[in-house]
1. In degrees, nearest 10, range 0 to 90: what is the angle between the Cα axis of helix 2-68 and the longest Cα principal axis of the chain?
2. When only C-alpha pairs under 8 Å and at least 6 residues apart count, what is the relative contact order of the stretch 75-157, in percent?
3. Given an 8 Å cut-off on Cα distances and at least 6 residues of separation, report the relative contact order of the chain as a percent.
4. What's the FRET efficiency of residue 28 with residue 56 using the Cβ-Cβ distance as r and R₀ = 45 Å, to the nearest 0.05?
5. What 222 nm value per residue comes from the helices of the chain, counting each DSSP H run with n ≥ 4 as -39,500 (n - 2.57) and dividing by all residues, nearest 500 deg cm²/dmol?
6. Would you mind calculating the gained length between residue 39 and residue 101 on full extension (0.36 nm times residue separation, minus the Cα-Cα distance), in nm to one decimal?
7. How much length, in nm to one decimal, is gained on full extension between residue 124 and residue 143, taken as 0.36 nm per residue of separation minus their Cα-Cα distance?
8. Residue separation times 0.36 nm, minus the C-alpha to C-alpha distance between residue 6 and residue 18: what's the value?
């Protein structure tokens with residue numbers, strides 16, 4: 001009878017402890033899964049933290065570009081700058097006509113003239129190295145006697161308060177230059 005009592009106590013004790021053992025095992029598995037998830041999230045966070053200096057350096061570049069862009073078309077300044085580039089590169093020009101595209105926040109400078117090929121190449125380099133962002137949207141050349149005649153369009157972006165900007169097509173045209 002003592003054996004049966006001991007066996008009954010063991011069965012009752014085991015049946016009472018079995019759910020607790022199962023709970024401990026489930027808690028352990030859940031804890032391990034939580035630790036793994038935390039490790040994965042920490043690894044992703046570390047990767048993001050490593051990208052922070054890259055983004056900061058890119059933000060500095062973006063801020064530098066934005067700082068060089070005027071807040072309005074500044075047509076007189078752009079005309080003076082374009083004329084100076086033309087003269088520095090010895091490119092003869094007959095006209096520079098600005099056209100403001102307010103919806104795109106850009107100025108299209110239409111330049112016509114004639115010059116030697118190496119001077120026109122120097123102008124292209126000056127445009128590409130200018131502090132103010134500029135891009136040549138079109139260019140055409142025609143062979144003349146000892147020079148090339150050319151027409152080009154240069155896009156010059158700017159940032160503006162669109163509500164304050166009421167510009168259409170620029171009316172200023174500059175003529176002259178080195179021949």
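1. 10 degrees
2. Values: 142 pairs, mean separation 24.5, N = 83.
Taking the mean separation of contacting Cα pairs over the length of the stretch 75-157, I get 29 percent.
3. Values: 233 pairs, mean separation 44.2, N = 179.
The normalised contact order for the chain reaches 25 percent.
4. Working: r = 42 Å, r/R0 = 0.94.
Working from the Cβ atoms, E equals 0.60.
5. Helix-only estimate at 222 nm: -19000 deg cm²/dmol.
6. Values: separation 62, 0.36 × 62 = 22.32 nm, distance 5.25 nm.
The residue 39-residue 101 span can extend by a further 17.1 nm.
7. Details: separation 19, 0.36 × 19 = 6.84 nm, distance 1.79 nm.
Roughly 5.0 nm would be gained on extension.
8. Numbers: separation 12, 0.36 × 12 = 4.32 nm, distance 1.76 nm.
Gain in length upon complete extension: 2.6 nm.
Readers should treat all values here as calculations from the given coordinates under stated rules, not as data from a laboratory. Predicted model only: the values in this text are computed from it and were never measured. Cβ atoms come from the backbone with ideal geometry, glycine included; neighbour counts cover every protein chain shown.
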